[in-house]
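Worksheet for the structure shown next.
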Amino acid sequence: MWVEKDPEKKNTYWPSEAMKERAWASDEAIYAEAAADPVAFWTARADELHWFKRWESAYEYAPHAYKWFVGGKTNLSYNSLDRHIEAGRGDHVAVIWEPEPVDEEAVKLTYKELHERVSRFANVLRGLGVEKGDRVGIYLPMIPEAVVAMQACARIGAPHSVVFSAFSPDSLRDRLVDAGAKVLITADGYYRRGKQIDLKKNADLGVTGSPVEKVVVVQRLDGSAPMEAGRDAWYHELMADASPDCPAEPMDAEDLAFLLYTSGTTGKPKGIMHTTGGYAVQAHTTAKWNYDLHEGDIFWCTADVGWITGHTYINYGPLLNGVTTLVYEGSPDAPDNGRFWAIIEKHKVTQLYTAPTAIRMFVKWGDEWPAKYDLSSLRLLGTVGEPINVDAWNWYFEVIGGGRCPVIDTWWQTETGANMVNSLPGIGPFVPTIAGRPFPGILGDILDSTGQPLGPGEGGYLAIFNPFPPALTRGIYGDPERFKAQYYAEYGPERYFTSDGARKDAAGNIRITGRVDDVMNVAGHRLATAEVESALAQNEKVSEVAVVSRPHDVKGEVPIAFVLLRGGIETSDDIRKELMATVNQVIGPTGRPDEIIFVPDVPKTRSGKIMRRVLKALVRNEPVGDLTTLQNPESVDKLKELVGHSA
Ligand code: PRX
């Protein structure tokens, strides 16, 4: 048993003696110690990694320009691979890849094998003209080459920009253009729910009109995908000719490591910038402490590599720690609803890190699926991405963890690069809906809208204070003004505004209540209502559109679209289908509204702004509140009828 029930408090667990003994931190005092000198805390953590040259100053602050390990030289790939090989762990398994088709064998790559592939591919990239500082696009499914590609970029200091493989060609193109990528790494396709998905087709469309000059294609399917002469080349052919020798480039700690585009409150995603040294340190430390990583562990993070969770806890975090990371290609219901549990039994997974939306789906599928499999290898469970409800937490704890394993609820964001707020496995507590305290060395609190700290139980906004955590984003690519406005307008340059609502208990444990801006979490995918709006607005039949989120029992939240069609166009199911197809084309399936409601008018302020607050209340069946500032209050009655509003 790794946990004990609190004898007095319901739904509260603490680490057992055995857990405390194993854990990297089990003394409460670490919080006060680290808070007294965060820079010293992170400096000690940085010393666990390899530096080609030690830093001259650990932390430097200037408004909107904080830096960690200034003057230090390191490399993410060296620390992920070479360091372990030099320590004699080269024959340990680095990656286990589980293909979706059950008749295909899993692939295991040792650290030495991964190192060789990464080095070869780094040379391939160089051969294509990629130099230090050049951005490289990656549009890959969940195959081992996704890890190889990211590591190869890191090895030569070419920042990667990974685009989720389910994103549409338009989304891919926008990101390639914004990043100025000249090379794209993609695949001919992949398996999803038993079907072959043609990724190359989307890649071709997305590359058109982008600055990409060379496309490297990994062969996952039958190799019949059309290749454009002079532009496209097969990965395996390039790899066969490449040298396996490619020493890692010493990177400045503050050199750009990668870009990752995420949704803001506008229709245009922003390229979140992460630099090398600070990111490496926080990714390494949080992976190690939060998931209790020890030699021989088999860590499974079920996110997609296209999201920050995949970057930090499929690739860098586990590999920086020298453990095995599991990559699963496909869907949780292929070939049946027991696939996750079959994988855990088969590979003896020790830690599982997944999203509440997946857990809620498993609850729906029923206990009989996990019951068929031996899950006793699991020692720890993690969740991420959205607030978790009590029932889902308890089910995860009891049915998957067998009541043995701590559940670590990690709050963080694309912008923070790595975990920020969660209970530590050796300290606890483990309580449904409570993430925990800011990680040691991270200063944060709940503030009101004027910036005053709030007491226990009072709802406000989560903010993070200077000295900022080492992995916190250094900026938005090409848009320093948006960076300042988005994160530092609210509370000034020394307090990062998270856009999340939160409250804490008397012990300082934080409950995250959700976004306070127009960003949704749809099945664990971050999406702005404005993105869905601008996608729908691209259909010429649409005159006006407003999108708001509605709670959903499995997906957490879903987009609901209010659409006003152009004059003379009759509403019909065909138009509804057409609009869904437009969203598919512009964003991809993740952006599809759960419902499209055709309306004759949308509520607007006198200055002509759509009052989304009213629409949100309507779809949630909540009181619509004060309508006196509307220019067309009568529109609301009609809308009430259309959404079946009773409040
Ligand atoms: O609202 C918070 C929610 O996810 C947002 C960040 O989304 P993204 O950048 O896509 O990163 C997701 C994975 C790190 C946050 O602003 N969120 C993330 N983790 C939690 C959470 N909400 C509640 N509890 C969490 N553990």
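The values are calculated or read from the model by the stated rules, or taken from the named source; none is laboratory data. Given the structure is predicted, the values throughout are model-derived calculations rather than measurements. Note that each Cβ is placed from the backbone with ideal geometry, even for glycine, and that neighbours are counted across all protein chains shown. The accessibility values were calculated without ligands, DNA or RNA, using every heavy atom of the protein model including side chains. Shrake-Rupley method; radii C 1.70, N 1.55, O 1.52, S 1.80 Å.
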Legend entry - Per DSSP, loop GluC sites (Glu not before Pro) in the range 544-647 with at most 14 further Cβ within 10 Å: Glu570
Legend entry - Carbon and sulfur %, accessible surface of the range 448-515 computed with the full protein complex present, 1.4 Å: 48 percent
Legend entry - Mean separation of Cα contacts under 8 Å, 6 or more apart, over the residue count of the chain: relative contact order %: 14 percent
Inset, instruction - Can you work out the accessible area per residue across the range 205-355, with the rest of the protein chains kept in place, probe 1.4 Å, in square angstrom? - result: 28 Å²
Legend entry - Point-to-point label distance, Asp333-Lys10, nm (Cα→Cβ direction, 7 Å offset): 3.3 nm
Inset, instruction - Report in % the part of the accessible area of the range 516-643 that belongs to carbon and sulfur, leaving out ligands and nucleic acids; probe 1.4 Å. - result: 46 percent
Inset, instruction - Would you kindly state how much longer the chain becomes between Lys484 and Asp626 on full extension, computed as 0.36 nm times their sequence separation minus their alpha carbon distance, in nm to one decimal? - result: 47.9 nm
Legend entry - Sulfur and carbon atoms: percent of accessible area, the range 1-59 [1.4 Å]: 53 percent
Inset, instruction - Among the listed pairs Lys5/Lys348; Lys112/Lys555; Lys182/Lys541; Lys268/Lys504; Lys73/Lys182; Lys504/Lys555, give every one whose C-alpha distance is greater than 31 Å. - result: Lys112/Lys555; Lys182/Lys541; Lys268/Lys504
Legend entry - GluC sites (Glu not before Pro) lying in DSSP loop within the range 370-465, provided at most 14 other Cβ fall within 10 Å: Glu458
Inset, instruction - Enter the accessible area per residue of the range 516-643 (Å², integer; probe 1.4 Å; all protein chains in place). - result: 45 Å²
Inset, instruction - Can you pull the one-decimal nm distance between simple spin-label points at Glu105 and Ala40, each 7 Å off the Cα toward Cβ? - result: 5.4 nm
Legend entry - DSSP-defined antiparallel bridges as percent of all bridges, the chain, nearest 5: 60 percent
